[in-house]
Amino acid sequence: MIMFLRSDVQGRTARWIASTLVLTGAVWITAFAGLLTVADRIHVEVPYALAVKLPLLQSRPDLIFAGESRTEYQVDAELAANLTGRPVGAAVNIAYDAGEPLAVLGAIRQQPELFMRAHVVISVAPFIFNEGVRSAAVYPLDVAARLSVFEQMTSFLPLRIGTLFRFIRETFNAQLASRQRIAELGSQPPAFGLSTIEGSQRDDQWPKDLGTHPHYGNWNLSGPKARFETAALCDMVPLARKLTVVVPPWAPRYDRGADPLWREKDNQYAALVIDTGNRCGFDVLNIRAVPGLGQSNYADEMHVIASGIPIYTRYLVAQLRP
Amino acid sequence: MLFSSYTFLFQFLPATVLAFTAARRHSLRAGIVVLAAASLFFYGAWRPVYLLLLIASIAVNFMLGLSMKDRLRRRAIGTFGVAINLAVLCYFKYTGFILDAVNALSGPQLPFSSIILPLGISFFTFQQIAYLVDIMRGARVESDIVSYTLFVSFFPHLIAGPLVHHAEMIPQFKRGCTGRSAALAARGLAIFAAGLFKKVVIADNLAQFVSPVFAHLDAGGGVTTSWAWLATLAYTLQIYFDFSGYSDMAIGLALLFGIRLPVNFRSPYQATSVIEFWRRWHITLSRFLRDYLYIPLGGNRLGEQRRYTNLMVTMLLGGLWHGAGWNFLVWGGLHGFYLSINHLWRELRGEALGSTAKGLSWVITFFSVVIAWVFFRARTLGGAWQMLGSLFGFEAGSSGYAPPDILRLMDLPVLVGEERLLLVGGATVALALVIALFLPNVPQIFGYREYRRSPERGSFVRWRPNTAWALFTALALSSSLFGMWQRLEFLYFQF
């Protein structure tokens, strides 16, 4: 009898544990959907990281470098202004880590008069268009905002939940930046928006090849990213004096000829940008190598260190058509 | 690996529970081996090199214990072992403090490179000192290395306690009931959820009213009286909910494996005297200090004057145990002083109190504890004095505090304005205080008993494995999961 009662208690509490865990899952999913709905509702196109750079536009520049980290860390806007005979402040760098065209379009729509007379030079990277890259650090927030809550949950749960966490947190940060009017009232970041990377990564940290690099992982250029981001590039054309889209180079240690997987994917990505440019009327600079920019100038497979900045900037500015 | 991290909750814990369950089906010993291995992995995940320190500490103390079987050499070896443990603890925890003090006194700077404090070193060192001292006093020597390793390294208590005693842990590893009870596991899950909620939802949300204010004061600034009180009271509650939440999580996790850890908190802010406060706050540390410091010093057996000296010494060392700094020493000294006054008062007036006197006693006790927390929280003595000045209306400092106008709800920023932030902070502190003062504590709610001793008084809220409690637990767990993205460490990790 005692044994029977004991096993009954054991069974009952085991069922309680199971039902509590199931209930936790259900409550959490419901609450998470609610939070995503709130985030979708308060989402603003300009993320915090871009908003803090927009005070640079107060100098009414006519050359604006924008885009992702390869502009943020390797375009010296002050040098670019010197090289093109512009006064200091006439060229600025508003690029930020994992920056996306949709966010720049959002900034343009917020302050159209500041962009209307400017040449906007925006860099892009494969992960901005490749739907296969879903990691939290680089998934474009404005693309995530364009998905329905159901699409968000089915696309990212359970393994890519960090992407939705980042989306929610960044949305609240962006909303805060918008309400504090940081873009208009904030202080200007130093060096006209240029940031620098101090040292190179260790030898064992360099990827072996680029064909299997995470930015080209699960290669898919037919998802919402490619659709929304290319549309954003097209929408920018009439809103700026001129738009140039830059496809920056990778570190010279990587040989396209010896890496057919990379070559194939990279050609498809470059073709997507070039075709969009032809269709919508913007220039595309597909930079595969920069003369003088050597392996020793690179911090990692994508970004240059301080010594590479003037070399890259000079080359980029020389390639821009007025 | 924090208990309140996704890696712990969704990878380490399920893997350990599954591996333990499978091993336990095979044999009791296999289950213990799995738990010991998982615990070492848990520690190594922080900084693998310090796993070597933990293993060396366990191995040396275990060997010392074995060699103490020889009655003739027992005292000498035990004393040597205690000295070794204290030397290691001193090296990692107090070298910087001692050299700073020497440099300040002597002038020329001694060479010094900063030493990383290994997580949990104060806890696992003290537990092993207690083990050696008890053998010197005649306790049984543990000859099973696996049980001993698990006693020291069992992951729920390894980093921040409760400080466990070998006599309450090792016998459990050898009893057949370990890991066989779904009833214990259900209780463990609910206690864990309560602890997680206390840490992530209450303590972490209070942190925003504390950290920037104390940082400003430590940098030489000043704050208004209202912000000083808000920050101090918020810290008073933050440290309670953070540390008691951690202890609850540890107790709950241990119960998942059928192991009972000692209760560490019993509503300390309900205490109406400082003596009672220390019977409710960090109970396992108080127990250790009493059994291995205060009583060996003579306790209250050598006359009144000696008792107060012993109290002061015990509390000063208790303060230093928390950290190498003058602030901790002052905090310990204050509590030693409070305890001495409290004992003296009891000698003169007796223990019985009417309801009015009880109320007054609570106010005095709470106020005294709050003032002492100022020294515990401030990083510098200057910051602590500045805070005390601000609390009593003496605003000073090189620069005034500019409060943020942003409220962070589970770290999500919301613009509320400076004045409203003060109001929201005050309301949050008031709510947390109501919870700490008027709701039953976790041992009361969950009827948690440690080895059938110290049964809690019954409370009007009592856990049962029913639908309502499943819903409460689910709400606590799911809301905590949202807050976990803040990744704030437990306050007691630094000790």
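The values are calculated or read from the model by the stated rules, or taken from the named source; none is laboratory data. Here the structure is a predicted model, which means the values were calculated and not measured. FYI the Cβ positions are ideal-geometry reconstructions off the backbone, even for glycines, and counts take in every protein chain you see. The area values use the complete protein model at the heavy-atom level, side chains included, leaving out ligands, DNA and RNA. Shrake-Rupley method; radii C 1.70, N 1.55, O 1.52, S 1.80 Å.
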_Restricting region B:252-273 to residues that are open to solvent by 10 Å² or more (accessible area, probe 1.4 Å) and part of a helix (DSSP H, G or I), the residue that is farthest from B:Ile159 (Cα to Cα)_ = B:Gln270
*Among the residues of region A:47-70, which ones are β-branched (Val, Ile, Thr) and more than 16 Å from A:Leu185 (Cβ to Cβ)?*
A:Ile64
*Pick from B:Pro443, B:Pro413: which is at pLDDT 80 or above, outside any helix (DSSP H, G or I) and either among the hydroxyl-bearing types (Ser, Thr, Tyr) or open to solvent by less than 40 Å² (accessible area, probe 1.4 Å) (or both)?*
B:Pro413
*Scan the helices (runs of 4 or more DSSP H) fully inside region A:16-99 and keep the ones with 1 or more residues being without any contact (Cβ under 8 Å) to a residue 24 or more places away in the chain and surrounded by fewer than 21 Cβ atoms within 10 Å (Cβ to Cβ).*
A:77-83
*Considering region A:178-198 alone, what residues qualify as being within 21 Å of the chain's Cα centre (by Cα) and within 11 Å of another protein chain (Cβ to nearest Cβ)?*
A:Ser178
*Take region A:129-177 and flag every residue that is over 20 Å from A:Ala95 (Cβ atoms), within 14 Å of chain B (Cβ to nearest Cβ) and assigned to a helix (DSSP H, G or I).*
A:Ile161, A:Gly162, A:Thr163, A:Leu164, A:Phe165, A:Phe167, A:Ile168, A:Arg169, A:Thr171, A:Phe172, A:Gln175, A:Leu176
_Condition first: outside any helix (DSSP H, G or I) and open to solvent by less than 10 Å² (accessible area, probe 1.4 Å). Now tell me which residues in region B:206-219 satisfy that._
B:Val210
_Lone qualifier among B:Ala203, B:Ala185, B:Ala130 - being within 13 Å of another protein chain (Cβ to nearest Cβ), in a helix (DSSP H, G or I) and touching a helix residue (DSSP H, G or I) at 6+ places or on another chain (Cβ under 7 Å)_ = B:Ala185
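A quick yes/no check of all residues on (1) open to solvent by 80 Å² or more (accessible area, probe 1.4 Å); (2) within 30 Å of B:Phe192 (Cβ to Cβ); (3) within 14 Å of another protein chain (Cβ to nearest Cβ); (4) not aromatic (Phe, Trp, Tyr):
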position: B:Trp345; (1), (2), (3), (4): yes, no, no, no
position: B:Glu351; (1), (2), (3), (4): yes, no, no, yes
position: B:Gly382; (1), (2), (3), (4): no, no, no, yes
position: B:Leu388; (1), (2), (3), (4): no, no, no, yes
position: B:Asp405; (1), (2), (3), (4): no, no, yes, yes
position: B:Leu409; (1), (2), (3), (4): yes, yes, yes, yes
position: B:Leu421; (1), (2), (3), (4): no, no, yes, yes
position: B:Gly425; (1), (2), (3), (4): no, yes, no, yes
position: B:Val434; (1), (2), (3), (4): no, yes, no, yes
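Condition test on B:Trp229, is it open to solvent by 30 Å² or more (accessible area, probe 1.4 Å), aromatic (Phe, Trp, Tyr) and in contact with a helix residue (DSSP H, G or I) (Cβ under 9 Å, 6 or more places away or on another chain)? Let's see the steps before the verdict.
Details: open to solvent by 30 Å² or more (accessible area, probe 1.4 Å): yes; aromatic (Phe, Trp, Tyr): yes; in contact with a helix residue (DSSP H, G or I) (Cβ under 9 Å, 6 or more places away or on another chain): yes.
Against the criterion (open to solvent by 30 Å² or more (accessible area, probe 1.4 Å), aromatic (Phe, Trp, Tyr) and in contact with a helix residue (DSSP H, G or I) (Cβ under 9 Å, 6 or more places away or on another chain)), B:Trp229 qualifies.
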_One residue is enough: does region A:241-260 have a residue meeting the conditions more than 29 Å from A:Pro112 (Cα to Cα), of a type in the set (Lys, Arg) and open to solvent by less than 70 Å² (accessible area, probe 1.4 Å)?_
yes
